[in-house]
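Participant: I am attaching a structure below and will ask some questions about it afterwards.
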Amino acid sequence: MQAKVTVAMLIEIKANEEIASFNIAHYHIWKDPRLVWDPLDYDNISNIYVPYSLVWRPKLYIYNGIDIKDLLHDDVQIVQIQNNGLVTSFTQQYVLSICKLNLKRFPFDSQFCAIGQTTAILPVEIIDVEVLPPPTGHDALFLGNEEFEMTNVYTRKRYFHEENKTRFAKVCLKVTQYLYSLSTYLYRYSYV
């Protein structure tokens with residue numbers, strides 16, 4: 001399975017509660033051998049689009065999420081299936097997550113917030129997620145808000161072990177934002 005984040009928009013950071021909210025959009029790509037067909041048998045059709053609800057999907061969740069809301073309903077979501085069994089789905093979510101803040105240098109600080117996706121039960125032998133780097137340029141949208149600027153987004157893959165076994169791959173997709181306070185920027189440069 002592959003995962004890629006293409007949109008991450010910071011909505012709000014509540015420093016006293018150490019939480020951050022984001023609007024994120026991400027693709028999940030996996031291969032399902034049950035969905036393979038020969039295009040020659042079907043009038044050279046090499047890919048189809050079907051409702052999200054008709055296809056098995058790997059269940060991923062945001063492990064540090066407090067409140068997660070899908071912004072696209074299942075009845076309007078579709079997936080693309082290619083004749084080789086490759087399935088691509090797109091998800092857009094509102095995510096309220098834990099964001100440990102270090103305010104020792106406030107207001108001259110930067111913050112690190114992570115959004116991590118994982119499988120709940122499946123071991124890495126069944127589902128191992130390849131983390132794709134976020135796109136650059138016009139293919140991606142990474143925005144801060146009126147107070148913070150998002151200056152870096154990257155992905156990292158980590159395995160978490162439990163009882164001497166790799167039970168599942170946690171943080172399969174990790175989006176990390178370094179957030180610099182715009183009020184700090186304005187303070188620094190308004191007296192130049």
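Participant: All but one of (1) more than 15 Å from the chain's Cα centre (by Cα); (2) at pLDDT below 90; (3) under 14 Å from T91 (Cβ atoms) hold for D75; state the number of the condition that does not hold.
Facilitator: Unmet condition: (3).
Participant: So which residues in segment 2-19 are at pLDDT 85 or above and either in contact with a Leu (Cβ under 8 Å, 6 or more places away or on another chain) or of a type in the set (V, I, T) (or both)?
Facilitator: Across segment 2-19, the qualifying residues are E18, I19.
Participant: Here's a check for you: in segment 1-26, which residue that is touching a residue at least 60 places away in the same chain (Cβ under 8 Å) and not in a strand (DSSP E or B) is farthest from the chain's Cα centre (by Cα)?
Facilitator: A15
Participant: Starting from residues that are basic (K, R) and assigned to a strand (DSSP E or B), keep the ones in segment 31-88 and report whichever is farthest from F112 (Cα to Cα).
Facilitator: R34
The values are calculated or read from the model by the stated rules, or taken from the named source; none is laboratory data. Everything numeric in this text was worked out from a predicted model, so none of it was measured. We place every Cβ from the backbone using ideal geometry, glycine too, and count neighbours over all the protein chains shown.
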